[in-house]
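The block underneath contains the structure these notes are about, expressed in structure tokens.
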Amino acid sequence: MDGSAFQPLVAIAGGAFDQHQAVLELLQASYKAQDGVVDPPSSVTRLTLEQVIADAKAGDLLTAEAEDESIVGCVFTKTLSNEAGPYMYLHHLAVSPIQQGKGIGGMLLRTVETLARGRGIDRIQAMSRVELVDNHAFFERHGFREVSFFTHNGYHRPTSVRFEKLLAADP
Ligand SMILES: CC(C)(COP(=O)(O)OP(=O)(O)OC[C@H]1O[C@@H](n2cnc3c(N)ncnc32)[C@H](O)[C@@H]1OP(=O)(O)O)[C@@H](O)C(=O)NCCC(=O)NCCS
């Protein structure tokens, strides 16, 4: 497939969506490269179909579909709040390994921004494990900046970096 001509359809998976198993398999395939790299292992290694369904219900699941309707990308969002007000948290962003580097991840991020703006939310957060410096660069190139660290239970060093993007009023 010619990457430059590839225009996946990014859509919010609504109530009729029944491709949760495909989303689980996409997540497992795209996070596989993190096995033995991130410590502790990604939560995707323990992810179940039931959890994918529950995560989709807890917020929104956005998918990127190829022309043959196969799912080539996904991201989950949920609206949270802290002392600075509400923000949209995105997690489990993934693009099929053979489709990476074609702009699909960026397209999913931009759709999350549109979703947040549409709901009057002007802040987006994402977390990346400290080891994944390519992902840090990816978020930074998309306008996110490091705001804090997170430490998993039982660890004595930061294990994740929290990134945040403030959305301009007029993009
Ligand atoms: C992180 C991830 C979602 C990025 O998805 P992606 O579709 O590869 O992302 P993009 O293609 O939009 O961007 C990646 C790079 O591809 C290149 N690229 C972007 N658009 C392109 C295009 N149209 N043609 C060719 N290359 C392109 C760029 O070099 C880009 O780098 P930059 O935008 O950071 O400068 C993907 O690598 C992934 O699924 N990784 C495994 C799971 C994971 O780590 N998830 C994130 C956890 S924090």
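Some points to look at:
- Ordering of 117-123, 135-141 by packing [mean C-beta count within 10 Å, highest first]: 135-141, 117-123
- If the segment from residue 153 to residue 29 were pulled out straight at 0.36 nm per residue, it would be longer than the present Cα-Cα gap by 42.1 nm.
- Extension gain for residue 142-residue 100 works out to 13.5 nm (0.36 nm per residue, less the C-alpha to C-alpha distance).
- Note on the range 4-161: dipole from Cβ charges, positive end direction compared against 77, 12, 143; the farthest Cα belongs to 143.
- Computed extension length for residue 21-residue 37: 3.2 nm, one decimal, from 0.36 nm per residue of separation with the Cα-Cα distance subtracted.
- Over the chain, relative contact order from alpha-carbon pairs under 8 Å, at least 6 apart, %: 19
- Euclidean distance between Cα centres, the range 15-67 to the range 79-106, Å: 12
- Anisotropy class of the range 99-171 from Cα gyration tensor, a/c 1.5 cut: oblate
- When peptides 33-40, 108-115 are sorted by average Cβ neighbour count within 10 Å, with the highest value leading, the order is 108-115, 33-40.
Just so you know, all these numbers are worked out from the coordinates, no wet-lab data involved. Here the structure is a predicted model, which is why all the values come from computation and not from measurement. Backbone-built Cβ (ideal geometry, glycine too); neighbour counts: all protein chains shown.
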